[in-house]
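Taking it in order: structure first as structure tokens, then the write-up.
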Amino acid sequence: MRTTSAGWTTGRIVAVVFGGFLSLAALTLIGLGGTALAMGLNDDGYIDLGTDEYSHSTDTYAMTTDSWHADKQMGGLYKDLRITFTPDKDSDPVFVGIADKDKAQQYLDGVQHVTIHDSDSKGDDQSEHPGGTPKTPPGESDVWAAKASGEGAQTVNWSVEPGEVTAVAMKADGSSGLAGHVTVAAKIAGLAWVGAALLVVGLIVLVASIMYLLVRPVRRARGRAA
């Protein structure tokens with residue numbers, strides 16, 4: 001005996017809704033995976049943290065950041081940090097360095113400088129430390145974990161390590177007065193691989209959800225013989 005299915009039963013409607021949600025989850029995974037993969041492959045995997053919006057300037061000999069635990073405050077996700085200082089005057093000799101907090105303080109001891117705590121459109125929230133000129137140009141000191149110096153924009157690359165660190169920007173010749181923009185970018189370990197994995201899983205789930213919708217409720221609802 002041949003019978004015809006009863007059409008859109010409650011069970012079949014629930015199955016279609018479930019399949020729809022499954023497809024939506026798959027598309028979400030595909031979107032996240034594609035974005036992560038693109039970010040992991042673009043610019044050698046570095047992600048701009050959006051710090052170049054504000055200009056910084058000082059009449060002193062150096063500007064520094066507050067010290068921070070890069071391995072903790074950056075969520076433990078970033079494996080490499082890249083800091084670029086672009087001076088307002090292309091001809092300015094620029095030095096950028098990252099150092100352990102105590103070693104940075106050792107170099108800056110007795111040097112007139114500012115510590116920048118925060119920045120907005122109105123300017124920097126900073127503290128000024130009295131002092132005089134540096135005893136040696138910054139590039140000649142051995143306190144830095146990573147450094148870069150030269151004329152114009154300078155970029156320092158640093159592999160994140162445990163400990164409290166400070167970033168410092170100065171004129172490479174140790175003279176006073178510096179103005180420009182700071183761009184910070186970070187690299188997330190394995191971001192491209194994570195993105196590729198999410199993309200593959202999303203595609204698998206999408207195919208599975210489509211097959212589920214076609215094979216089970218839709219075909220039966222059209223009156224497949226049982």
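The values are calculated or read from the model by the stated rules, or taken from the named source; none is laboratory data. A quick note: this is a predicted structure, and the numbers were derived from the prediction, not measured. Here Cβ is always computed from backbone atoms with ideal geometry, including for glycine, and neighbour counts include all displayed protein chains. Just the protein is used for accessible areas: all its heavy atoms, side chains included, with ligands, DNA and RNA removed. Shrake-Rupley method; radii C 1.70, N 1.55, O 1.52, S 1.80 Å.
Inside segment 148-163, can you point out the residues that are open to solvent by 60 Å² or more (accessible area, probe 1.4 Å) and closer than 18 Å to Asp100 by Cβ?
Of everything in segment 148-163, those that are open to solvent by 60 Å² or more (accessible area, probe 1.4 Å) and closer than 18 Å to Asp100 by Cβ turn out to be Asn157, Ser159, Glu161, Pro162.
Looking at (1) under 28 Å from Ile210 (Cβ atoms); (2) β-branched (Val, Ile, Thr); (3) at pLDDT 75 or above; (4) surrounded by fewer than 18 Cβ atoms within 10 Å (Cβ to Cβ), which is the only condition Ile30 fails?
Status for Ile30: all satisfied but (4).
If you take just the strands (runs of 3 or more DSSP E) that sit entirely in segment 111-197, which of them hold at least 2 residues that are among the aromatic types (Phe, Trp, Tyr) and in contact with a Pro (Cβ under 6 Å, 6 or more places away or on another chain)?
Hits in segment 111-197: none.
Counting only residues that are open to solvent by less than 30 Å² (accessible area, probe 1.4 Å) and over 27 Å from the mean Cα position of the chain (by Cα), which one in segment 87-123 is farthest from Ala179 (Cα to Cα)? Steps first, please.
So in segment 87-123, the residues open to solvent by less than 30 Å² (accessible area, probe 1.4 Å) come out as 87, 92, 94-99, 104, 107-108, 111, 113-116, 119, 123.
From what is left, the residues that are over 27 Å from the mean Cα position of the chain (by Cα) are 92, 107-108, 111, 113.
Working: Asp92: 9, Tyr107: 21, Leu108: 19, Val111: 18, His113: 13 Å.
Among those residues, the one meeting the criterion is Tyr107.
Kindly list, by first and then second residue, each pair from a residue in segment 124-147 that is closer than 14 Å to Ala104 by Cβ to a residue that is in a helix (DSSP H, G or I) and of a type in the set (D, E, K, R), limited to pairs with Cβ atoms under 8 Å and residues at least 6 apart or on different chains.
As it stands, the answer is Val143/Lys103; Trp144/Lys103, since those pairs meet every condition given.
Got a sec? Which of Ala62, Ala70 is closer than 27 Å to Asp44 by Cβ and open to solvent by less than 60 Å² (accessible area, probe 1.4 Å)?
Ala70
Count, please, the residues in segment 124-147 that happen to be touching a Lys or Arg at 6+ places or on another chain (Cβ under 7 Å) and open to solvent by 70 Å² or more (accessible area, probe 1.4 Å).
Of the residues in that region, 0 qualify.
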